[in-house]
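Accompanying notes for the structure given below.
Each reported figure results from applying straightforward, stated rules to the coordinates on display, with no laboratory input. All of these numbers come straight from a predicted model, not from anything done at the bench. For neighbour counting, all protein chains shown are included, and Cβ atoms are generated from backbone atoms with ideal geometry for every residue, glycine included.
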Amino acid sequence: MYTEPSCTPTRAAALTGRLAVRSGMYTVAFPPEGSGLPAEEVTIAEILSEAGYSTAFFAKAHQGDIEESYMHNQGFDEAQFSLYNQFPPIFWHKDGEMAMTTMGYTPEMTEKKYLVDGTWRPYGYIMDIEGKKGEKARETLPTTLDDTLENYRKLIDIHQEKAVDFIKRKADDENPFYLAYWPNMYDLIRKGNELKTSNSTMFAENVERLDRHIGEILDELEKQGIAENTLVIAMADNGPMTEVFGAMYQVVFNGGKGDYREGGIRVAAFAQWPGVIEPGTVIGDIITVHDLFTTFARLGDAMEYIPRDRIIDGIDQTALFL
């Protein structure tokens, strides 16, 4: 699959079916951002809601920190999500600075001699919120400098539990459901973690946990008897960061996260749909993340709700899955 070259634009493209530059979501947000996905954008959650779907979003949204960009204000019936990417809760605290991954984000480690303006430093920020459609959001776990990393680690498991619980609650519902589960993956600080994989890196530990979590979701679909009526897609949102501590893998493609060469936008993608997609099938076709919007609308019988007053870049790829 082709994506956009980094996480925020890819997620905006998946939600809207449009090139991220059209919605202004082409940069990666860090706190405090003060912008986000505009209210006038029409998301796949809004489209499928019109067709009678129950919708939920859990984990990493990274679509801005203004109210209109919140996922429960963008068509999802229920949502719990992080506003930014993984790096602030991993590194913006004392342990992160002790690991030499950041400098100056804690008051005691700021070099005052050279400090020109300290007002921008986000010593506290809202990392994760939850809410239901039409309601106000509330903060879940705080991000004071003393507990940021610990609470971030808790959130990874909380988001997983919310995703599995949503499947359980909606399996027997008369309405079909759309679940956007975009998990935070990274926890690259060694402190408090045990290395158990043969790879012996924190990145490998993260992949092992993600693999286990995906397995729990697929098992729950089987347990609830709805696997054959559920299309599951798992994919990356951009290519590897080639410059980060050797934590990422290298691929045969030129480039990496942040650029439009193959290494930045060509990613692993998997689809499972028992009874429709034969197990073990490998195809040579490449689609883009933008196509998921239009394809989901077709499969959900919601094409009539796609807005006609703007360019939709995604192409209906239903035939590929069938």
Notebook entry, point to check: Can you give me the relative contact order of the range 218-322 as a percent, contacts being Cα pairs under 8 Å and 6 or more apart?
Noted result: 22 percent
Check: Per residue and in cubic angstrom, what volume does the convex hull of the Cα atoms of the range 264-313 have?
Finding: 94 Å³
Notebook entry, point to check: Rounded if a/c is under 1.5, else prolate if a/b is larger than b/c, else oblate: which is the range 122-225, with a ≥ b ≥ c the root eigenvalues of its Cα gyration tensor?
Noted result: oblate
Next item on the list: Give, in nm to one decimal, the length gained when the segment between Asn254 and Asp172 is fully stretched (0.36 nm per residue of separation minus the Cα-Cα distance).
Entry: 24.9 nm
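Within the range 10-90, which chymotrypsin sites (Phe, Trp or Tyr not before Pro) sit in a loop by DSSP and count at most 16 neighbouring Cβ atoms inside 10 Å?
Numbers: sites: Tyr26, Tyr53, Phe57, Phe58, Tyr70, Phe76, Phe81, Tyr84; in loops: Tyr26, Tyr53, Tyr70, Phe76, Tyr84.
Answer by residue number: Tyr26.
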Check: Roughly how many Å is it from the Cα centre of the range 148-202 to that of the range 1-15, as a whole number?
Finding: 20 Å
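Please report the relative contact order for the range 1-104, taking Cα pairs under 8 Å with a sequence separation of at least 6, and give it as a percent rounded to a whole number. All intermediate terms of the calculation are to be shown ahead of the outcome.
Numbers: 161 pairs, mean separation 23.6, N = 104.
With pairs under 8 Å counted, the relative contact order is 23 percent.
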Check: Residues with amide H under 5 Å of Lys257's amide H, sequence separation 5 or more or different chain, H placed in the peptide plane at 1.01 Å from N; which?
Finding: Gly239, Met241, Thr242
Checklist line | Candidates Ser200, Ser82, Ser54: whichever shows maximal mean-square fluctuation once the chain is modelled as a Gaussian network with Cα springs under 10 Å | finding: Ser200
Check: Build a GNM of the chain with springs between Cα atoms under 10 Å: which of Gly215, Gly131, Gly17 gets the top mean-square fluctuation?
Finding: Gly215
Checklist line | DSSP-assigned coil residues among chymotrypsin sites (Phe, Trp or Tyr not before Pro) in the range 246-322, each with at most 14 further Cβ atoms within 10 Å | finding: Tyr249, Tyr260
Checklist line | For Lys60, distant residues with modelled amide H under 5 Å away | finding: Ser82, Trp182, Asn184
Next item on the list: Could you work out how far helix 202-223 tilts from the main Cα principal axis of the chain, as a 0 to 90 degree angle to the nearest 10?
Entry: 30 degrees
Margin query: List the residues, sorted by chain then number, that are 5 or more residues from Phe177 or on another chain and whose placed amide H is less than 5 Å from its amide H.
Written below: Ser54
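Express in nm, to one decimal, how much length is gained between Met185 and Tyr123 on full extension, taking 0.36 nm for each residue of separation and deducting their alpha carbon distance.
Details: separation 62, 0.36 × 62 = 22.32 nm, distance 2.31 nm.
In short, 20.0 nm is gained.
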Next item on the list: Loop sites only, by DSSP: take the GluC sites (Glu not before Pro) in the chain that have at most 13 other C-beta atoms within 10 Å and name the longest stretch containing none of them.
Entry: 244-322
Next item on the list: Would you mind telling me the antiparallel percentage of the DSSP bridges in the range 1-151, rounded to 5?
Entry: 60 percent
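Relative contact order for the chain using alpha-carbon pairs under 8 Å, separation at least 6, rounded to a whole percent?
Details: 576 pairs, mean separation 74.0, N = 322.
So the answer I get is 23 percent.
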Check: To the nearest 500 deg cm²/dmol, what mean residue ellipticity at 222 nm is calculated for the chain from DSSP H runs of n ≥ 4 alone, each contributing -39,500 (n - 2.57), summed and divided by the residues?
Finding: -8500 deg cm²/dmol
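Can you compute the FRET efficiency between Asp211 and Met100 using 1/(1 + (r/R0)^6), with r the Cβ-Cβ distance and R0 = 30 Å? Round to the nearest 0.05. Kindly include the intermediate steps, with their values, before the conclusion.
Numbers: r = 29 Å, r/R0 = 0.98.
The pair Asp211/Met100 has a calculated efficiency of 0.55.
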Next item on the list: Go through Lys60/Lys257; Lys196/Lys257; Lys60/Lys154; Lys133/Lys162; Lys162/Lys223; Lys60/Lys162 and tell me which ones have a Cα-Cα distance over 20 Å in this structure.
Entry: Lys196/Lys257
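Considering only DSSP beta bridges where both residues belong to the chain, give the percentage that are antiparallel (nearest 5). Can you show the working numbers first?
Values: 13 of 25 bridges.
Bridges in the chain are about 50 percent antiparallel.
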Notebook entry, point to check: Along the principal axes of its C-alpha atoms, what lengths does the chain span, in descending order and rounded to whole Å?
Noted result: 62, 45, 38
Note to self: Residue by residue through the range 14-26, what is 3J(HN,Hα) from phi via Karplus (6.51 cos²θ - 1.76 cosθ + 1.60, θ = phi - 60°)? Round to whole Hz and write x for glycine and proline.
What the structure shows: 5, 6, 10, x, 10, 3, 4, 5, 6, 9, x, 9, 10
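Between exposed trypsin sites (Lys or Arg not before Pro) in the chain, where DSSP calls loop and at most 12 other Cβ atoms lie within 10 Å, what's the longest gap?
The longest such stretch corresponds to 1-135.
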